[in-house]
Amino acid sequence: MPDGTRSTHADAAVERLWTGATIITFLRTVAALALCLVGVWQEELVWLVLGLGVYWAGDSLDGAWARWFDCETRIGAVVDMLCDRLNCAAFYLGFAALQPEMLLPVAVYLFEFLVIDFFLSLAFLAWPIRSPNYFYEVDRRIYTWNWSKPAKAVNSSLFAVLLLVTGWWWLGLVIAIALLGLKCVSLRWLLQLGLPVPVRQPQTAG
C-alpha cells in the first residue's frame, strides 16, 4: 500500500551501497547459500529447507529494516534482487538434484523468476522511484500483479511450499506455467507502457 509519510522517490544524495539493510541482505545471502550447499553435499533436504527459510526470513528483515530506518536506496533494491535470485537458484537447483522428478517444474519456474521477473523488477530504474515496491506510481496494474504483498507471496513462496508439502511435480509445473504466463502478460503491459530513456546531457567544451 502507498505510504504517505515516506518519500517514494529516489534521492541521489542518499544512494550508497552499505546500509543496515544491504548488510542484512549480504549476511542472509551467504548464510542461505551455505545451508543449501551443505544440503547438496550431504544429500539432505532439511538443509535446503533451512536455507530457504533463512532466505525468506532475511528477505523480509532487510526490507523491513530499510523502511523502518528510511534507508531504501536503488542500489539496495538491485542488490536485493540479485541476492534473491542467487538464493532461489541455490535452493531449487539443489532440490531438483535431490529429487530429479522436479526438474521440469523447477526449470520453468527458474526461467520465469531469473529472466522474465528479473527484467520486470529492474524496470523500476527507468523511473525516479526507490524500488519496485513503489511501482504503483508508474502503473497500478503491473504493481498489483507483481509487487503487492499478495503477489510477492504467490510468486516467491506458493510454488516452493506446494512442491515440498505435496511432492506433486505436475502441480508444480501447472503453477510454474501459470506464473510464467502472468509474467509474460506483465511484460507485455510494461512494453506497451514503454521504458523512458534518460535525456542525454549536452557535452560541455573542455
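Structural remarks
- At the listed q of 0.08 Å⁻¹, the Debye profile of the range 58-206, built from one uniform point per Cα, gives log10 I(q)/I(0) equal to -0.27.
- Local net charge near Tyr55, Cβ-Cβ under 14 Å (Lys/Arg +1, Asp/Glu -1): -1
- Distance between the 7 Å Cα→Cβ label points at Leu104 and Thr144: 3.4 nm.
- A cut-off under 12 angstrom between Cβ atoms defines the neighbours of Asn146, and their net charge, with Lys, Arg +1 and Asp, Glu -1, is +2.
- Förster radius 45 Å - calculated FRET efficiency between Val197 and Ser157, Cβ distance, rounded to 0.05: 0.80
- Accessible surface for Leu50 stands near 90 Å², nearest 10, in the context of the full protein assembly shown (1.4 Å probe).
- Across Arg85, Arg28, Arg16, mean-square fluctuation computed from a Gaussian network of the chain (C-alpha pairs under 10 Å connected) peaks at Arg16.
- Dividing the Cα radius of gyration of the range 81-164 by 2.2 N^0.38 Å, with N the residue count, gives 1.19.
- Cα-based Kirkwood hydrodynamic radius, the range 1-68, one decimal, Å: 13.7
- 4 °C / 1.567 mPa s Stokes-Einstein diffusion coefficient of the range 1-119, Kirkwood radius on C-alpha pairs, µm²/s: 84
- Per residue, the range 14-61 exposes an accessible area of 56 Å² to a 1.4 Å probe, with every protein chain left in place.
- The chain: DSSP helices with Cα axial extent of at least 20 Å and average Kyte-Doolittle hydropathy no lower than 0.0: 20-42, 45-68, 74-98, 169-193
- At R0 = 41 Å, FRET efficiency that the Cβ-Cβ distance of Ile177 and Glu137 yields, to 0.05: 0.85
- Relative frequency of Cα-Cα separations exceeding 14 Å in the range 33-96, percent: 57
The values are calculated or read from the model by the stated rules, or taken from the named source; none is laboratory data. Quick caveat, the model's predicted, so the values are computed rather than measured. Note that each Cβ is placed from the backbone with ideal geometry, even for glycine, and that neighbours are counted across all protein chains shown. Heads up: the accessible areas ignore ligands, DNA and RNA and are worked out on the full protein's heavy atoms, side chains in. Shrake-Rupley method; radii C 1.70, N 1.55, O 1.52, S 1.80 Å.
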